[in-house]
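Novice: The following block contains the structure, expressed as structure tokens.
The values are calculated or read from the model by the stated rules, or taken from the named source; none is laboratory data. These figures come from a predicted structure and were not determined experimentally. No Cβ is skipped: glycine too gets one built from the backbone with ideal geometry, and neighbour counts run over all protein chains shown.
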Amino acid sequence: MPLNEPTFADLLADCTRSAVHLEMRDQYGVSDESDAFATWLSTGQRDTDPASENWAPWVDLISTAVARGVTVRRARIVSEPVTDYIRWEHAGTVVNVHAGEDVRWLPRRQASDIALPGNDFWLFDENVIRWNHFTGDGAWAGQQISDDPAEAKLCSEAFAAVWARSIPHDQYKIR
């Protein structure tokens, strides 16, 4: 990341109205999640304590933004039956909700006619995009920041279409 490129925390701190996140992968291989995921696979135990060392920084970041009046929404497009990774994500989403995020799920088969960007993203105040790049096996490959109006429009429209069809977290049943 270039030295002058804002961090996620910077982008969220500058946000005044909305932050939306679209996730479209069925498997992520992010290194800082690998131990927790492996533990869940072997024991079925998932950290859902908002005050835990793993969750507290995220909960603080999101709850602070929400307290300032920022609406934070996350939509996940998932293949069904879902992967173990998505089961693990679903089990931990109660903490995202606790922090103030509104989270929804959309079965991939219901997204076939939605024009989607090629990468996951965060869109801040409908004009600044943080593209999230991953390798083929789901490892983090960096971010890219854009304020291109055409890209922001694509992301905004894609997220709105996904959101309109998606199922609230508390109603989505893992298949």
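Novice: Could you give every pair whose Cβ atoms fall below 6 Å, whose first residue belongs to the stretch 153-171 and is among the hydroxyl-bearing types (Ser, Thr, Tyr), and whose second residue is not in a strand (DSSP E or B), counting only separations of at least 6 or pairs across chains?
Specialist: Every condition considered, the pairs that remain are SER156/GLU126.
Novice: Go through ALA161, ALA152 for me and flag whichever is on the phi < 0 side of the Ramachandran plot, part of a helix (DSSP H, G or I), out of contact with any Leu (no Cβ under 8 Å at 6 or more places or on another chain) and surrounded by 12 or more Cβ atoms within 10 Å (Cβ to Cβ).
Specialist: Of the residues listed, the single one that is on the phi < 0 side of the Ramachandran plot, part of a helix (DSSP H, G or I), out of contact with any Leu (no Cβ under 8 Å at 6 or more places or on another chain) and surrounded by 12 or more Cβ atoms within 10 Å (Cβ to Cβ) is ALA161.
Novice: Could you tell me how many of the residues in the stretch 118-147 are over 21 Å from VAL162 (Cα atoms) and touching a Gly at 6+ places or on another chain (Cβ under 6 Å)?
Specialist: The qualifying residues number 3.
Residue-wise test of (1) modelled with pLDDT under 95; (2) among the aliphatic types (A, V, I, L, M); (3) surrounded by 19 or more Cβ atoms within 10 Å (Cβ to Cβ).
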{"position": "ASP60", "(1), (2), (3)": "no, no, no"}
{"position": "ARG74", "(1), (2), (3)": "no, no, yes"}
{"position": "ILE77", "(1), (2), (3)": "no, yes, yes"}
{"position": "PRO81", "(1), (2), (3)": "no, no, no"}
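Novice: Still on this model: Could you list, in sequence order, all residues of the stretch 63-112 that are under 16 Å from HIS21 (Cα atoms) and of a type in the set (Ser, Thr, Tyr)?
Specialist: Correct list: SER63, THR71, THR93.
Novice: On to the next question. Taking the stated definitions as given, is ARG87 touching a residue at least 24 places away in the same chain (Cβ under 8 Å) and either under 24 Å from LEU11 (Cα atoms) or within 13 Å of the chain's Cα centre (by Cα) (or both)? Step through it out loud before you land on a result.
Specialist: Numbers: touching a residue at least 24 places away in the same chain (Cβ under 8 Å): yes; either under 24 Å from LEU11 (Cα atoms) or within 13 Å of the chain's Cα centre (by Cα) (or both): no.
No; evaluated as a whole, the condition is false for this residue.
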